[in-house]
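Visitor: Structure incoming, see below.
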Amino acid sequence: MCGILFSLCAADVHHEGRTALEHVFPKLQEATAARGPDAQETVSHNVLRLCLKFCASELRLRGEAFIQQPHMDNEGNILCWNGEVFEGLEVQAEENDGAKLFEALQHAADSTDLRKIFGSIEGPYAFLYYHKASNMVYFARDPLGRRSLLVHHPDESRPYFIISSVSAGPYPGYTFDELSTECIHVLDLNKLSASNNILELESCISRLPRGEEGSEWPFAQPKTVNRTLPENLPTTESLDHIPPHLAEPVDDLIAELDRSVMLRVRDIPRRKNSDGEARVAVFFSGGIDSTMLAFLADRHVAPDEPIDLLNVAFENPRKIAVKVEGNIGGLPKREKKQKLREPLDYSTVTVNYDVPDRLTGLQEVEELRRLCPNRRWNFLEINVPFEESQNARATVEALMLPSRTVMDLSLAIALYFAARGEGQIRSHPGAEPEPYTSPARVLLNGLGSDELLGGYGRHRTAFKAAGWQAVIDELQLEIDRIPTRNLGRDDRVISFWGKETRHPFLSLSVVNFLAQLPVHFKMDPRLQSGIGEKLLLRLAARKLGLVEASARKKRAMQFGSHSARMAPGEGDRKGDLLIAS
């Protein structure tokens with residue numbers, strides 16, 4: 001995990017514009033440094049009457065050597081890299097993937113070679129690469145958008161171009177948008193300089209397609225969903241018996257996921273004086289996705305290290321009010337308003353954190369302990385009082401930007417506190433809690449399984465409305481929408497703590513494997529809830545012995561942790577409502 005920051009302005013930009021950029025850049029530098037606390041560096045270049053400034057920070061999670069970014073060579077090429085290469089480039093345990101990628105880019109003869117390099121590597125990334133000989137600036141995110149990259153385009157009052165991993169919150173000095181993942185963007189500095197007008201910058205950016213017809217670049221883009229329609233499909237009677245047509249796909253899914261987890265937890269450098277400390281943690285609700293990742297991580301994390309299970313729970317006054325006063329939603333409007341104005345009487349309330357995800361998490365960690373008895377599982381109870389969550393809200397909203405809906409906030413605030421990793425653990429059930437802060441800097445996240453395996457209620461709804469064809473169409477939409485969903489927002493929030501989230505389900509190898517399976521191998525909406533959705537994953541979990549996890553129904557994080565609609569009166573606020581600026 002690293003941070004990227006780049007700015008460009010005309011050398012003769014008027015005083016007001018230069019002053020505005022001089023105010024903006026240090027704020028973004030500070031935010032960028034939080035993402036990479038191990039090293040930071042800024043370099044400036046004047047090129048063709050243009051001022052270019054490159055800044056990068058480093059969170060060292062690959063290789064043994066100290067690496068300073070930006071990567072630079074004697075030819076004047078510069079790479080700002082925020083990512084991980086898990087496949088497609090030979091990187092030894094002691095080597096740094098960014099340095100190896102820069103070495104490959106130095107041998108690229110043209111833009112086709114560059115596209116081939118990025119189309120052949122798998123992992124989450126965002127990058128900016130300045131090629132000195134051609135005066136081209138290449139920048140992009142990986143095809144699924146697993147790392148954040150924001151762009152501000154110049155305008156009359158802010159005549160400069162900025163690319164940044166993160167914003168510094170609401171600020172008049174920029175208007176950021178998420179960079180599209182559809183292509184590799186190329187800024188032609190020769191053309192921009194010849195135009196002699198920074199406001200012409202957008203016309204100087206071309207868009208290189210990621211793939212090429214006939215090319216064999218395996219990770220240029222996700223594969224499309226298999227459109228084979230099922231015929232005479234037998235019904236799966238129970239998770240205890242794998243039907244013959246699913247025996248091989250179940251084994252293949254376990255193998256693909258196992259490899260994905262292995263690639264994401266191996267070779268994480270130890271920090272000084274950290275022997276015996278956790279290097280890996282899992283966002284853990286006790287659901288099937290997080291439990292599978294925890295179980296598979298046990299196979300590949302050093303046996304003398306604990307694995308931290310991050311389980312977050314919020315004090316939610318709205319939920320408490322319902323317990324104390326009953327649901328006031330049915331009251332007359334005037335009486336309801338009066339009730340909402342009255343402060344909640346806490347004198348009769350004992351606040352506890354027995355939210356749904358806490359209860360399932362506690363149940364599931366016991367199943368893990370039975371199956372993996374030699375592992376020390378640190379079930380980290382992260383309890384967030386209402387006042388603390390409200391005090392953090394401004395910080396979380398700043399990190400989220402440009403995302404700013406009610407749903408964005410309820411999810412982001414849960415990830416913010418979970419990634420911080422401060423809470424309590426117990427040596428055994430019923431023991432007194434002890435304060436604990438997770439030192440793990442690699443956090444596994446189960447995001448992606450619902451999109452790939454048909455885990456949402458809308459997939460069942462589509463089937464009821466128009467059969468298997470509608471489900472296939474919906475699953476293709478899910479893959480198409482992954483880059484525009486929440487991954488950039490989550491990256492900005494989690495990396496604030498100098499930690500990195502990794503998504504084993506969203507490895508392009510796993511995505512492509514699941515996309516090519518016929519739809520009826522992955523799910524069966526004819527079956528009851530808790531079995532039919534993500535059927536293939538449930539069968540795989542049951543085969544591994546995760547009996548309880550295999551039958552759990554989906555529950556969204558904001559509802560499982562009670563991070564949604566916390567204040568009284570917010571119960572009817574829709575998730576897509578914009579937060580007031």
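The values are calculated or read from the model by the stated rules, or taken from the named source; none is laboratory data. In this text the structure is predicted, and so the values were computed from the model without any measurement. Cβ sites come from the backbone with ideal geometry, for glycine too, and all protein chains shown count toward neighbours. Surface areas here come from the heavy atoms of the whole protein model, side chains and all, with no ligands, DNA or RNA. Shrake-Rupley method; radii C 1.70, N 1.55, O 1.52, S 1.80 Å.
Visitor: With Kirkwood's inverse mean 1/r over C-alpha pairs for Rh, give me the Rg to Rh ratio of segment 345-474, two decimals please.
Guide: 1.05
Visitor: What share of all Cα pairs of the chain, in percent, falls into each consecutive 10 Å distance bin?
Guide: That works out to 3, 16, 26, 26, 18, 8, 2, 0, in percent per bin.
Visitor: List, in order, the whole-Hz ³J(HN,Hα) value for each residue of segment 463-469 obtained from phi through the Karplus relation with A = 6.51, B = -1.76, C = 1.60 and θ = phi - 60°; use x for Gly and Pro.
Guide: 5, 5, 7, 8, x, 4, 4
Visitor: Can you pick out the pairs among K100/K132; K499/K522; K100/K554; K100/K543 whose Cα atoms lie more than 30 Å from each other? Before the final figure, lay out the partial values.
Guide: Working: K100/K132 19 Å; K499/K522 32 Å; K100/K554 40 Å; K100/K543 39 Å.
Over 30 Å Cα-Cα: K499/K522; K100/K554; K100/K543.
Visitor: Within 10 Å, count the other beta carbons around each residue, average over each peptide in 265-278, 84-97, 407-420, 116-129, and list them highest first.
Guide: Values: 265-278: 13.9, 84-97: 17.9, 407-420: 24.4, 116-129: 22.6.
Packing order, densest peptide first, comes out as 407-420, 116-129, 84-97, 265-278.
Visitor: For segment 416-519, which whole-number percentage of the solvent-accessible area (1.4 Å probe, protein heavy atoms only) is attributable to carbon and sulfur atoms?
Guide: Carbon and sulfur: 53 percent of the exposed surface of segment 416-519.
Visitor: Taking 0.36 nm per intervening residue step and subtracting the Cα-Cα distance, what contour gain separates D155 from R393 on full extension?
Guide: The D155-R393 span can extend by a further 82.7 nm.
Visitor: How many nm separate the modelled label positions at T405 and Q363, each set 7 Å beyond the Cα in the direction of the Cβ?
Guide: 3.0
Visitor: Now a separate question. Classify segment 76-132 as rounded, prolate or oblate from the Cα gyration tensor: take a ≥ b ≥ c as the square roots of its eigenvalues, call it rounded if a/c is under 1.5, otherwise prolate when a/b beats b/c and oblate if not.
Guide: Because a/c hits 1.5 or more and a/b exceeds b/c, segment 76-132 counts as prolate.
Visitor: Would you kindly state how much longer the chain becomes between N232 and E182 on full extension, computed as 0.36 nm times their sequence separation minus their alpha carbon distance, in nm to one decimal?
Guide: 14.2 nm
Visitor: Indicate the gyration tensor shape class of segment 6-59 (rounded, prolate or oblate), computed on the Cα atoms with a ≥ b ≥ c the square roots of the eigenvalues: a/c under 1.5 is rounded; otherwise a/b larger than b/c is prolate and the rest oblate.
Guide: oblate
Visitor: Right, here's the next one. Give a residue-ordered list of calculated ³J(HN,Hα) values for segment 227-235 (Karplus: 6.51 cos²θ - 1.76 cosθ + 1.60, θ = phi - 60°; whole Hz; x for Gly, Pro).
Guide: 9, 5, 8, x, 10, 6, 6, x, 8
Visitor: What does the net charge come to around K543 if you take all other residues with beta carbon closer than 13 Å to its beta carbon, with K and R at +1 and D and E at -1?
Guide: -3
Visitor: Here is a further query. Starting from the Cα gyration tensor of segment 203-325, take the square roots of the eigenvalues, sort them a ≥ b ≥ c, and report rounded, prolate or oblate (rounded when a/c is under 1.5, otherwise prolate if a/b is larger than b/c, else oblate).
Guide: Rounded shape, in that the Cα axes give a/c under 1.5.
Visitor: Moving on to the next point. First select every other residue whose beta carbon is under 9 angstrom from the beta carbon of T437; then total the charges, Lys and Arg +1, Asp and Glu -1.
Guide: That works out to 0.
Visitor: Can you give the accessible area per residue of the chain, in Å², using a 1.4 Å probe?
Guide: Accessible area per residue, the chain: 42 Å².
Visitor: Same structure again: Enumerate the calculated ³J(HN,Hα) couplings along segment 282-294 in order (Karplus 6.51 cos²θ - 1.76 cosθ + 1.60, θ = phi - 60°), each rounded to whole Hz, writing x wherever the residue is Gly or Pro.
Guide: After applying 6.51 cos²θ - 1.76 cosθ + 1.60, I find 10, 5, 10, 10, x, x, 5, 5, 5, 5, 4, 5, 5 Hz.
Visitor: Please give the net charge around E178, taking every other residue with its beta carbon less than 14 angstrom from that of E178, where Lys and Arg add +1 and Asp and Glu add -1.
Guide: Its environment carries a net charge of +2.
Visitor: Something else about it: Carbon-plus-sulfur fraction of the accessible area of segment 110-267, 1.4 Å probe, in percent?
Guide: Carbon and sulfur: 47 percent of the exposed surface of segment 110-267.
Visitor: If we sort 183-189, 199-205 on the protection proxy, mean other Cβ atoms within 10 Å, highest first, what's the order?
Guide: Put in order of decreasing packing, that is 183-189, 199-205.
Visitor: While we're looking at this one, here's another question. What order do you get for 282-289, 299-306 when each peptide is scored by the mean count of other beta carbon atoms within 10 Å, highest first?
Guide: Per-residue mean Cβ counts within 10 Å order the peptides as 282-289, 299-306.
Visitor: Of all DSSP beta bridges located in the chain, what percent are antiparallel, nearest 5?
Guide: Looking only at bridges with both residues in the chain, the antiparallel portion is about 75 percent.
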